1. Take the alpha carbon atoms of the range A:506-580, find their radius of gyration, then divide it by 2.2 N^0.38 Å using N residues; give the quotient.
2. Mind checking the full-extension length gain between A:Lys580 and A:Glu390? Use 0.36 nm per residue of separation minus the Cα-Cα distance, one decimal, nm.
3. Antiparallel versus total DSSP beta bridges in chain A: what percent is that, nearest 5?
4. Given contacts defined as C-alpha pairs under 8 Å and at least six residues apart, what's the relative contact order of chain B, whole-number percent?
5. Using 25 Å as the Cα-Cα cut-off, could you pick out the over-long pairs in A:Lys407/A:Lys505; A:Lys419/A:Lys464; A:Lys240/A:Lys579; A:Lys72/A:Lys246; A:Lys246/A:Lys303?
6. With the full set of protein chains in place, find how many percent of the accessible area of chain A is carbon and sulfur; take the probe as 1.4 Å.
7. Do you know which residues of the range B:290-331 lose at least 50 square angstrom of accessible area in the protein assembly compared with their chain on its own, with a 1.4 angstrom probe?
8. Using unit Cβ charges (K, R positive; D, E negative) and no other charged atoms, how large, in debye to the nearest 20, is the dipole of the range A:116-189 about its Cα centre?
Amino acid sequence: MKKTVYIIACLLMVFFTAVAKAQVKNPETFVLADYRTVQTIDPATSYDVAGSMRIWNLYETLIFFDGSSTEKYVALLAAEVPSVKNGGISADGRTYTFKIRKGVKFHEGGELTAEDVVYSFKRNMIVDQDGGPMWMLLEALTGSGATRDKDGKIIDGIFDIIDKSVEAQGDKVILHLPKPYPPLMSILCYTASSVLDKEWAISKGCWDGYIKNAAKYNNPAPGHEPLQKIENGTGPFKMKLWEPAKQFVFERFDDYWGPKPKIKTGIVKYVKEWSTRKLMLQNGDADRVVVDTPYVPEVRAMKGLTLYEVPQLGYTAAMFCRSINPAGNPNIGSGKLDGNGIPPDFFTDINVRKAFLHVFDRETYKKDVFNDLVIMPTSPNVKGLPYHKEVPFYEFDLEKAAEYMKKAWSGKVWEKGFKMIITHNTGNEMREAAAHMLAENIMSLNPKFQIDVRNVEWKDYVVKIRDFQYPLFLSGWGADYADPHNFVYPFMHSNGYYGRFMALKNDEIDKLCDAGIETADPAKRKTIYAKLQDIWYEDAIGVPLYQQIVVRAYRDYVHGFVPNAMFTDDNEILKRIYKK
Amino acid sequence: MLAFITRRFLLLIFVLFGVSVLLFGILMTFSPERRAATYVTSPQQAKDIPKIIKQFGLDDPFYIQYFRWMKEVLKGNMGWSLVASRPVGEAFWNYFPVTLEMNLFAAPIVIIFGIWLGTLSGIHRDTWIDHTTRILAIVGWSLPTFLFALVLLMIFYGYFQLFSPGVLSDQLTMFIIENPESFTRFTGMYTIDGLLNGRFDITLNALAHLVLPVSTYVIVVVALNMRVMRSGMIEELSKDYVMTAQAKGADKKTIYIKHARRNALLPVVTVAGQLVALSMEGSIAVEVVYSRHGIGWWLAESAVQLDMPVLMCICLFMGVVFVITNLTLDILYAYIDPRIRLN
């Protein structure tokens, strides 16, 4: 009997512990539940959205985006934002001068100097890990997007160029560019431009400050970079704890130079399952959760939330490969235009491409797949980017599509029919819907047209795109920085990431892309990017699918969020957040 | 006995070698590009795939890659886990206690409850008790764990606001972070560490976080044990020695418990042993839904992302677990049934 009473008492205690817990809400703590993991918090190697969120709160850059703007900046570690007008940017656009803010302290007590900034820029560029973010700064400051060639060998003299690209003069930092690079200001807001404490970094095993030794610190294997799990930034928050793939805990930095953040503790929890995240938000155990598009109606139905709709600087398209790899490729059937496959150069005929563009029903897609919560783009230079313009698009018209198909390959396509496979990456329901829409509408034109839709795990998908295996692939791109070059080049240039795997070769496009990045004159750039956007339409390069709008779901007592198209829903600038 | 145990441990070396070669061979069937893509999370990074192949020698012959890996393992370096963002060894000791803690509570319940229910069902064959337990067992076994876990979570956490996911409340987690000197992580299991540190509130809180995961696991898994026990009991109760005992006037309790149940336990011990061994790789559904990051979650994520060092590590670990489990079972057989000798 005694045992039974004891057991019941214990069970009741467990029960009431749980009840008591459910009622406690801490007003000075902000909890975000996310499902993406952080690989590293080293600014030189972190290149994912979850890592960026951590770094933006721990470290600081010279300048940062001004509120919601992606083109205006505020000074952080710089005393003021340089411009041609105030002499901070030279008239030829090749020299940038930053006066460094005084009285800024690092988390471990060191004081910020111009030398720290110079060291940080050089060190980050020297690290240049494979798959890392440093190509941006390298391209701007050295003219070369990497420190190694295609075979992985260090490019002769690259470290000397890095050494000369940044210098300190008193309390000023001067950046020397080989040629004008208009997106530089936006790149300087990115985490890869974060500032470290020189002495501290060297003491932790980072580059020793001598350029002759730079090669030793180049391209460390993942996890072997000294700053992978430690930090000492000037940001408003310090890292209190990082349990990878479990939680990341921020603690307010009381010696922060700027206004004191209202939140004392920030916790980012890794919660993979949506239902669990949703219940945490509902019960107030999370102040915000990451919501994927299919779950937006669920959060709309919940009470006690504030929702923000934030358009993203991202672009997804269905792209035609004009030189498909025929070797053992099941995606093109027989590899011939015999009714059982398609030839490797099937999409070189613009009539085929235009037919595919005309079968994409933008309105239905927008309504059925996104509940109207999406921007339907017309070219890679999406809304929110400089020099964006609405170019014409191919209306949904099955008759026109049939006309183009009848013309394609001198009528052979219509006569013999074809068979191919459209692939999309597993788990992306938006792309899956687009693939099915394209396939079904094309098949409705002629019973001899046969298209299968298959899904492939994302990493396999990437590998096969690179092997030119897919005749039509659906993929996207998120902004590294807010400039058309970051979108137009990858999608249209013959050496751009997607341009290359679409086997797109158009000298005019290549010249325009190169000219667009080499001039700082806004009028000239406007003309160039307008032309490129027109070419995207005229040459029917791909099917623009969507520019996503993410929904952020906060508890209604959380305030301070400022939307910015550059930041994905994984990001949170904690210093702005408060609970009331 | 000692010779027997030594022999089995020597066998372990060959088992581990075989497992590692087999698994390494399977993983090598993925192209170097696919393995390099493990390091890629965005299209922007994909341009560096050829360089990653060169850097890690992913296009080297199988045996070179295998021996390179083996050399590192012998030095104690199991590699780097991209999923866990830390060395595999360190990550293992971080995730394993979470899985072990749940098993420490779930396994005894599964075994004891399964034996009890099976015995009851076997003794009362074809009565309402038997039918009820069998139906419950079938329902439990047939329920998709993921769905069942979600239903429990929605009822208890979503509706009643009880038993939140995770392993410990935020307040207590923050207390531990802020007072590292006053709370030592001896085992990595909060229920036990709470007791060892004299912090019963932490133990109780950790127990509250275990209620739903353990319940889910027990309800889903207990059916198998119960069914085996029931079959064993029915078989034993139909044997001649039971009739003899009854003829000699032995009471029912002695017949059921002392004779029949003891003999029916042998197959149950085998099944329970395998269940416990299997549970060491965690329950993916339970860990994902209840946000407990243990071995099951880690293994599932690593399999999806082709995190090779993790897959190798967990497979080797499971090899060790199964060899030790089988050894323990053999010893237990001898204890339960003295006719069995460990030759």
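The values are calculated or read from the model by the stated rules, or taken from the named source; none is laboratory data. Here the structure is a predicted model, which is why all the values come from computation and not from measurement. Positions of Cβ are backbone-derived with ideal geometry, glycine not excepted, and every protein chain shown enters the neighbour counts. When the accessible area is computed, the model is the full protein with side chains, heavy atoms only, and any ligands, DNA or RNA have been set aside. Shrake-Rupley method; radii C 1.70, N 1.55, O 1.52, S 1.80 Å.
1. Working: Rg = 19.5 Å, N = 75, 2.2 N^0.38 = 11.3 Å.
Compared with the compact-globule rule of thumb, the range A:506-580 sits at 1.72.
2. Details: separation 190, 0.36 × 190 = 68.40 nm, distance 4.14 nm.
Here the segment from A:Lys580 to A:Glu390 would lengthen by 64.3 nm.
3. Working: 52 of 69 bridges.
That works out to approximately 75 percent antiparallel.
4. Details: 379 pairs, mean separation 88.7, N = 343.
Once divided by the residue count of chain B, the mean separation gives 26 percent.
5. Details: A:Lys407/A:Lys505 23 Å; A:Lys419/A:Lys464 19 Å; A:Lys240/A:Lys579 21 Å; A:Lys72/A:Lys246 36 Å; A:Lys246/A:Lys303 28 Å.
With Cα atoms farther than 25 Å apart: A:Lys72/A:Lys246; A:Lys246/A:Lys303.
6. Details: 11440 of 22390 Å².
C and S atoms contribute 51 percent here.
7. Residues of the range B:290-331 that lose at least 50 Å² of accessible area once the other chains are added: B:His293.
8. On the way: 8 positive and 11 negative charges, 24 e Å.
So the dipole magnitude of the range A:116-189 works out to roughly 120 debye.
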